Amino acid sequence: MLSAQAAVSEAAQRLRGAVQSGNPCPPVRDLIGGNDVAAAYAVQQQNVAARLATGRQVVGRKIGLTSEAVQRQLGVDQPDFGVLFDDMSYSDGAVIDFAAVLQPKVEAEVAFVLGADLDEGELDHAQVSAAIDYAVAAIEVCGSRIADWDITFGDTVADNASAGLYVLGTERKTLAEVTPRDVEMSMAVTDQEESTGTGAACMGDPIEAVAWLARKAREFGEPLRAGQVVLSGALGPMRAVAPGAQVDVEISGLGTVSVSFSQDTA
């Protein structure tokens, strides 16, 4: 039987191998369990360190599993978080190589850019609100290195919260101009409405999701910093995309954001 440390290392290597080969791997819960939160984040941290060693830089975080609809889709009952790197960001209207993300699925959410560090204090709604520079509409392109999205909570946490890429809209609004919990979202995939929701679907209020993240990030010794991007979580169900797909999102008060995928899967 593997030691706990060896199991974490093997799980991390399995996930890296999927990225390197472009072929999804089996779940890692056989190594670390399906609900061992500490082990799952240890796997995530190993692979974050591996990416940092290649010269990538952390530019923010993503919160996952904030919507009850997405939790039902994946059979989990609590949020998680992952790390955003500098090579994950795409501009509004970009065309993404379909092969850039394994098994891509899209979701619409409110993103925030921080104007102050969140490393001290209560890290409550009021403090987090004061630290937010602006909000924008966002599309997250989630991906799973695990075959068929066959994931438990431990699998997705280990897999950097199923992070892939993200796209930010161009309309930047302060919290004096928009109330995130009140926004309404509509997402169309190739001209067919695929997902709708509201800000309240994200843990009751996207700012509460960021407050949860701020406390968790501090617990892990990597608090949120000024200038970082926070993807606060889906406002409705995520949807799979095929080669050539066009994704258009509208969020009231924050405008629109779109992205498309190449026809080529190679």
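Counting 0.36 nm for each residue step from R16 to T179 and taking away their Cα separation leaves a gain of 54.8 nm. The value given for the stretch 57-207 is a Kirkwood hydrodynamic radius of 16.3 Å, derived from the mean inverse Cα-Cα separation.
What is the distance in Å between the Cα centroid of the stretch 64-95 and that of the stretch 118-147? When both Cα centres are located, 11 Å separates them.
Specify whether the C-alpha gyration tensor of the stretch 1-104 places it in the rounded, prolate or oblate class, a ≥ b ≥ c being the square roots of the eigenvalues: rounded for a/c under 1.5, otherwise prolate if a/b is larger than b/c and oblate if not. Oblate is the answer for the stretch 1-104, as a/c is 1.5 or above yet b/c matches or exceeds a/b.
What does the charge count around R215 come to, taking other residues whose C-beta lies under 10 Å from its C-beta (Lys +1, Arg +1, Asp -1, Glu -1)? Every neighbour counted, the sum reads -1.
The value of relative contact order for the chain, using C-alpha pairs under 8 Å at least six residues apart, is 27 percent. With contributions of -39500 (n - 2.57) from each DSSP H run of at least four residues, the per-residue ellipticity at 222 nm computed over the chain stands at -8000 deg cm²/dmol.
Since only P237, V259, Y166 are under comparison, the one whose Cα sits farthest along the positive direction of the charge dipole of the stretch 57-261, derived from C-beta charges on Lys, Arg, Asp and Glu, is Y166.
Compared with the alpha-carbon gap, the fully stretched path from D150 to A6 is longer by 49.6 nm at 0.36 nm per residue. The convex hull drawn around the Cα atoms of the chain, when projected onto a plane and averaged over every direction, covers 12.8 nm². Under a Gaussian network description of the chain, with springs only between Cα atoms under 10 Å, the residue in A176, A188, A234 that fluctuates furthest is A176. The residues packed around D191, meaning those with a beta-carbon under 14 Å from its beta-carbon, carry a net charge of -3 if Lys and Arg are +1 and Asp and Glu are -1. Of interest is the spacing of the C-alpha centroids, which for the stretch 155-175 and the stretch 197-266 amounts to 4 Å. Counting only aspartates and glutamates at least 8 places from K62 when in the same chain, those with an alpha carbon closer than 15 Å to its own are D80, D86, D87, E107, E109, E140, D159, E208, E222.
Quick note: the coordinates plus some simple rules give every number you see, no bench work behind them. Bear in mind the structure is a predicted one, so any value in this text is a computation, not a measurement. Positions of Cβ are generated from backbone atoms using ideal geometry, with glycine treated the same way; all protein chains shown enter the neighbour counts.
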